[in-house]
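Please treat every number below as a calculation from the coordinates, not as lab data. This structure is a prediction, so every number in the text was calculated from the model and none was measured. All Cβ positions, even for glycine, are placed from backbone atoms using ideal geometry, and neighbour counts span all protein chains on display.
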Protein chains: 2
Amino acid sequence: MPRSKVTIRDVASYAGVSRQTVSRVINASEKVTSETRARVLAAIEQLGYQPNAVARSMARGRTGMLACIAPNVTDYTFATIIEGAQAVARSQGYFLLSTTAPDGETFDYLMDQLVKSGRVDGLIVIQPYIEDPSHGVPAGCPTIFAGGGAHANQQVGGSVVLDDMAAGYTATKHLIQLGHQSIGMITGPLGEVCVQNRMTGFENALEDSGLESNPELIVEGDWTASSGYHIFRELWLNRENRPTALFVQNDSMAVGVLHAAEELALHIPEQLSIIGIDDIPLAPYFHPPLTTLRQDFAEIGRSAARMLISAIEQKQTLQRHEQIEAALIQRQSTGRYHKKVALNQAF
Amino acid sequence: MPRSKVTIRDVASYAGVSRQTVSRVINASEKVTSETRARVLAAIEQLGYQPNAVARSMARGRTGMLACIAPNVTDYTFATIIEGAQAVARSQGYFLLSTTAPDGETFDYLMDQLVKSGRVDGLIVIQPYIEDPSHGVPAGCPTIFAGGGAHANQQVGGSVVLDDMAAGYTATKHLIQLGHQSIGMITGPLGEVCVQNRMTGFENALEDSGLESNPELIVEGDWTASSGYHIFRELWLNRENRPTALFVQNDSMAVGVLHAAEELALHIPEQLSIIGIDDIPLAPYFHPPLTTLRQDFAEIGRSAARMLISAIEQKQTLQRHEQIEAALIQRQSTGRYHKKVALNQAF
DNA sequence: TGATACGATGTGACCGGTCACATCACTCGT
DNA sequence: ACGAGTGATGTGACCGGTCACATCGTATCA
């Protein structure tokens, strides 16, 4: 923008008051006569004055800007968290600068550029990896860790995460209750916290039902449909014992599995039950519609933003750790275990 | 952040030089002895100095911040544009503040808060609706319109858009070349520019092949899978003349159609060919894998950012209008028209 | 009625950089 | 040997707000 903007001093002289009075008016301060206020407002209107946010940040030492750092912004789950956070931020007069940090180097760069150089007042970090999430976050910067998994021992800031252990448990329990005993799992990258937690939930559910988990039926994917597709083909064609049900740690990989199953002429759910996690918008339209666990990502974002803003404004270091529960959405990709079919398919 | 940061003056006195010299060093200016430069750099290192971005913006009158405004950020297409733009922005030392403007009111608010108040240096606007996209954008603000469709008569800024007319033409032509003569279309919301252009491409392709377009086979959807699903059921069950091929204006709606077709026990593509647009990541995993047109959204974002930055830095009002072509991706949802099957299905 | 208090308003300094210009030392040309 | 020219460095003002405090007028109370 060209630097031709009208300043607070212009408004002041136009209204015949001091800049401080104008400042009071635009900040909705009390101590102004309603008469002068009216005069100032008229001047503002007349001149089309808009306070300069940069100058204000400078003087106040706060920018009203938050940053949300995620591995990427195209992933539906991250994008939804961001959108939720943004809604809350805006309603409280903040702006949310969302940005991607695909690697640690970028993350450090962003810390310098966003936090150390004073561009933002606080941080929402979506960092799914197991390594200490607060690594690299400058001390003293209000920070909330979101969605990445429960980092139990973190020192700084609060967190809002999914209860992945419960999610894994619920998903697995659902399959068990349908009568399945040979249950496989396709996980996300093992380096991510949520993956570990979902695995733990899986193991716990099996154990609670007196079932053994078969390591051969647990395979690591990378969240993509493509990985689900290839892993399932391999799993189905080359393993001795085939599972009768599969817990797939996200919906994208689950579609991949569905597609591979289709190619292998498998009947879902008669021959194989599949449950995913996320409930992405297209999940009801898969073939067959996918049973999955719905995660309220928007709520994670909202909650994180709320926590962050209250930490900033009350200047108290929040240590709250919130967990969001997932809800089972039953569709047609899971069904009762049928012994006959299962026996047939084994050959 | 607490206001305990070390300032340029601290560095200056520590290094025994003036603040201006420090300024020269951090701005990679020439006129500094390599000896003093070394001393200053040492001081910076010692004190952990990081220039304050806000103060710098204030003094320079530029913030190094761009904004990208889209109806939402969860839509895969928008998110990808944003990610592309962000990559370029960052590589050029800018930050991209992406934000949602679901309605006009919010848009105006954002213009005030982002542009008029000097938070950003330029704007990327994703505004798919037919109404004048530059409406509400403050004059003098470098602006690029992205992805929304070719707004031919816009006055301000440049644009990077998809060649939707060509996309519609290509998609339709593909169906025609497979022998289809009765081709239906499910459009996006008629208020969006790209929808109109895709329709025009559709009509043109039919006309060029001497085919008539049947208004009864053209229905408006809302981009969601759900709308595709319901529209197709209605279309298939209640119309006199059923199409043998369907051009669906995005992939999400196309999945909805696929799902409805499955329910109606239709064989795709034997009884009905379906082509989408977008090539979302899950498109190859639909049932059957979806023939579609791939749009390079990331490139749109990148190109928009490049144009915007060059407009800002050279202070020339760019009027360039770029169009990105879509590429046909053939998968299994389209196939040759078979007369017999088509005749059968009519009853 | 005068000291007090309080509400409305104004003033100077300041936030942390950068800009334009001044200053200074030193080399070069004649 | 002296003025001009050049490169390195320093100084004051400024960007546009806000903060802390000063000032002023008037209502309140003893």
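May I ask you to list the residues in the range A:231-282 that are away from chain B (no Cβ under 12 Å) and in a helix (DSSP H, G or I)?
A:I231, A:R233, A:E234, A:L235, A:W236, A:L237, A:N238
What's the total number of residues in the range A:35-74 that are without any contact (Cβ under 8 Å) to a residue 40 or more places away in the chain, facing chain B (nearest Cβ under 9 Å) and not small (G, A, S)?
6
Can you tell me which residue within the range B:109-120, out of those that are buried (at least 21 other Cβ atoms within 10 Å of the Cβ) and within 7 Å of chain A (Cβ to nearest Cβ), is nearest to DNA strand C (Cβ to nearest atom)?
So the residue we want is B:G118.
Which residues, taken from the range B:55-70, are aliphatic (A, V, I, L, M) and either more than 11 Å from the chain's Cα centre (by Cα) or in a loop (DSSP other than H, G, I, E, B) (or both)? Give the derivation first.
Residues of the range B:55-70 that are aliphatic (A, V, I, L, M), as a first pass: B:55, B:58-59, B:65-67, B:69-70.
Scanning the range B:55-70 gives B:A55, B:M58, B:A59, B:M65, B:L66, B:A67.
Could you list, in sequence order, all residues of the range B:81-98 that are of a type in the set (V, I, T) and surrounded by fewer than 24 Cβ atoms within 10 Å (Cβ to Cβ)? If you could, list the steps in order and put the result at the bottom.
Of the range B:81-98, the ones of a type in the set (V, I, T) are B:81-82, B:88.
Once the filter is applied, which keeps residues that are of a type in the set (V, I, T) and surrounded by fewer than 24 Cβ atoms within 10 Å (Cβ to Cβ), the range B:81-98 yields only B:V88.
How about the range A:29-41: which of its residues are out of contact with any helix residue (DSSP H, G or I) (no Cβ under 6 Å at 6 or more places or on another chain) and either assigned to a loop (DSSP other than H, G, I, E, B) or loosely packed, with under 13 Cβ neighbours inside 10 Å (or both)?
Going residue by residue through the range A:29-41, those that are out of contact with any helix residue (DSSP H, G or I) (no Cβ under 6 Å at 6 or more places or on another chain) are A:29-31, A:33-36, A:38, A:41.
The answer is A:S29, A:E30, A:K31, A:T33, A:S34, A:E35.
For A:R9, state whether it is within 14 Å of DNA strand D (Cβ to nearest atom) and under 30 Å from A:I144 (Cβ atoms). Steps first, please.
Values: within 14 Å of DNA strand D (Cβ to nearest atom): yes; under 30 Å from A:I144 (Cβ atoms): no.
No.
Applying the selection to the range A:33-74, what residues are within 9 Å of DNA strand C (Cβ to nearest atom) and in contact with a strand residue (DSSP E or B) (Cβ under 6 Å, 6 or more places away or on another chain)?
Residues satisfying the conditions do not exist here.
Okay, residues lined up against (1) surrounded by fewer than 24 Cβ atoms within 10 Å (Cβ to Cβ); (2) over 18 Å from the mean Cα position of the chain (by Cα):
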| site | (1), (2) |
| --- | --- |
| B:N72 | yes, no |
| B:A101 | yes, no |
| B:F107 | yes, no |
| B:I126 | no, no |
| B:E131 | yes, no |
| B:G136 | yes, yes |
| B:A139 | yes, yes |
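To keep it simple, each residue is scored yes or no on (1) without any contact (Cβ under 8 Å) to a residue 40 or more places away in the chain; (2) part of a helix (DSSP H, G or I).
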| position | (1), (2) |
| --- | --- |
| A:P138 | yes, no |
| A:C141 | yes, no |
| A:A167 | no, yes |
| A:H174 | no, yes |
| A:H180 | no, no |
| A:Q196 | no, yes |
| A:N204 | yes, yes |
| A:E212 | yes, no |
| A:V219 | yes, no |
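Of (1) surrounded by 12 or more Cβ atoms within 10 Å (Cβ to Cβ); (2) free of Cβ contacts under 8 Å to residues at least 40 places away in the same chain; (3) within 11 Å of DNA strand C (Cβ to nearest atom), A:G16 satisfies all except one. Which?
Every condition holds for A:G16 apart from (1).
Among the residues of the range B:76-95, are any in a strand (DSSP E or B), out of contact with any Phe, Trp or Tyr (no Cβ under 6 Å at 6 or more places or on another chain), at the interface with chain A (Cβ under 8 Å from one of its Cβ atoms) and of a type outside the set (D, E)?
Filtering the range B:76-95 down to residues in a strand (DSSP E or B) leaves B:95.
Remaining after also requiring out of contact with any Phe, Trp or Tyr (no Cβ under 6 Å at 6 or more places or on another chain): B:95.
Filter again for at the interface with chain A (Cβ under 8 Å from one of its Cβ atoms), leaving B:95.
From what is left, the residues that are of a type outside the set (D, E) are B:95.
Yes, because at least one residue in the range B:76-95 is in a strand (DSSP E or B), out of contact with any Phe, Trp or Tyr (no Cβ under 6 Å at 6 or more places or on another chain), at the interface with chain A (Cβ under 8 Å from one of its Cβ atoms) and of a type outside the set (D, E).
Looking only at the range A:283-310, which residues are without any contact (Cβ under 8 Å) to a residue 60 or more places away in the chain, within 14 Å of chain B (Cβ to nearest Cβ) and surrounded by fewer than 24 Cβ atoms within 10 Å (Cβ to Cβ)?
Across the range A:283-310, the qualifying residues are A:A283, A:P284, A:H287, A:P288, A:P289, A:D296.
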